[in-house]
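> The structure under discussion is supplied below as structure tokens; questions concerning it will follow.
What follows draws every value from the coordinates through simple rules; no lab data is involved. Computed from a prediction, not measured in an experiment: that's the story for all the values here. Don't worry about glycine lacking a Cβ; one is built from the backbone with ideal geometry, like all the others, and counts go over all protein chains shown.
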Amino acid sequence: MKSAIAAAIAAVFLVACETVPDAPPRATAELKPTKGSKTFGEATFEQVGNKVRVIVFVQGLQPDREHGFHIHEVGDCSSGDGMSTKGHFNPFGKPHGHFHSGERHAGDLPALKAGKNGRAKVDVEMDIITVTPGPASVVGRGLIVHADPDDYKTQPTGNAGARIACGVIQAG
């Protein structure tokens with residue numbers, strides 16, 4: 001009798017496991033301060049159909065101010081000032097622009113808007129980028145928080161100033 005009950009329980013678990021959908025592809029980045037900065041945070045990237053949901057929490061920002069926020073070409077924060085990430089991620093050769101524009105770098109993200117406490121959150125779905133392999137994949141790229149607001153027009157950087165936090169986007 002005990003073996004029949006155990007077999008029935010095992011069958012239920014097996015069926016339950018088969019009906020759980022696979023988790024969507026994800027990537028994460030830990031944002032660490034560059035030299036002289038106290039800005040830090042975390043970001044997740046999750047493939048949702050043909051878009052990527054980007055959720056970011058950042059602390060240590062200048063209160064009540066916007067800060068430029070971009071995906072950069074290279075996932076390398078070793079320089080200490082974020083410059084080792086090179087320029088904005090731009091696999092399709094577009095001009096720098098507003099994140100809602102179709103004519104923009106793949107790495108042009110919404111500004112981080114810090115509250116009175118110096119914290120900011122972004123939760124947005126982005127097109128152009130992917131978490132899955134391919135030319136638009138963000139995996140292995142750099143993620144940068146800038147000291148100043150992005151003007152969304154100055155080429156090629158948006159005049160967003162110094163790089164105050166840096167992270168590497170990693171699968172998983």
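> Could you pull out the trypsin sites (Lys or Arg not before Pro) across the stretch 74-127 that fall in loop regions by DSSP (anything but H, G, I, E, B) with no more than 10 other Cβ atoms inside 10 Å? Mind dumping the intermediate values first?
Numbers: sites: 86, 104, 113, 116, 119, 121; in loops: 86, 104, 116, 119.
Here the sparse-neighbourhood loop sites are 116.
> Measure nothing fancy, just the Cα-based angle from helix 2-19's long axis to the longest principal axis of the chain, in degrees from 0 to 90, nearest 10.
On a 0 to 90 degree scale, this one is about 30.
> Anything over 29 Å Cα to Cα? Flag those among 35/121; 38/94; 51/113; 94/116, in the order listed.
Details: 35/121 23 Å; 38/94 32 Å; 51/113 23 Å; 94/116 35 Å.
The pairs that break the limit, which is 29 Å between Cα atoms, are 38/94; 94/116.
> Ignoring everything except DSSP H segments at least 4 long, calculate the 222 nm mean residue ellipticity for the chain; use -39,500 (n - 2.57) per segment, divide by total residues, nearest 500.
When only DSSP H runs of four or more count, the value is -3500 deg cm²/dmol.
> Taking H as built 1.01 Å from N, whose amide H comes closer than 5 Å to the amide H of residue 31, not counting residues under 5 places away?
Counting only residues 5 or more places away or on other chains, the set is 41, 42, 43.
> Tabulate in residue order the Karplus-calculated ³J(HN,Hα) for the stretch 150-158, using 6.51 cos²θ - 1.76 cosθ + 1.60 with θ = phi - 60°, rounded to whole Hz; enter x for Gly and Pro.
7, 8, 6, 9, 4, 9, x, 10, x
> What do you get for Rg/Rh of the stretch 23-171 when both radii come from the Cα atoms and Rh is the Kirkwood radius? Intermediate values should be presented prior to the final figure.
Details: Rg = 13.7 Å, Rh = 14.7 Å.
Result for the stretch 23-171 is an Rg/Rh of 0.93.
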